[in-house]
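A.B. asks: This is the structure I have questions about; it appears just below.
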């Protein structure tokens, strides 16, 4: 995953696969908790899925402040590029 767009596409696919969401519902502005109805257990599953896809662990602290899909994309993108 080289770009933010790649991260977004991977994240959208994961949200669709894991939580049976409609792809068009997953937008950058979508609120994870209100719009997509992701709860804290779902967030843990999502973090685990991202780790398996990227080989990098996303810090739980990074997920405490995320509210939107774009927030997750930013956190993942930062993690992927932190030791580049």
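Read-outs: derived from the displayed coordinates by stated rules, not from any lab. All values derive from a computational prediction rather than experimental measurement.
A.B. asks: For the Cα atoms of the chain, what angle does the longest principal axis make with the long axis of helix 4-19, in degrees from 0 to 90, nearest 10?
C.D. replies: Taking Cα atoms only, the helix is inclined about 50 degrees.
A.B. asks: Given axes a ≥ b ≥ c from the Cα gyration tensor, I'd like to know whether region 4-81 is rounded (a/c under 1.5), prolate (a/b larger than b/c) or oblate. The partial results should precede the final answer.
C.D. replies: Values: a/c = 1.38, a/b = 1.28, b/c = 1.08.
Rounded, since a/c falls under 1.5.
A.B. asks: Relative to the first principal axis of the alpha-carbon coordinates of the chain, what is the inclination of helix 40-54, with its axis defined by its Cα atoms, in degrees from 0 to 90 and to the nearest 10?
C.D. replies: Helix 40-54 sits roughly 40 degrees off the main axis of the chain.
A.B. asks: Using Cα atoms only, what is the angle between the long axis of helix 69-81 and the major principal axis of the chain, expressed in degrees (0 to 90) to the nearest 10?
C.D. replies: Roughly 20 degrees, rounded to the nearest 10.
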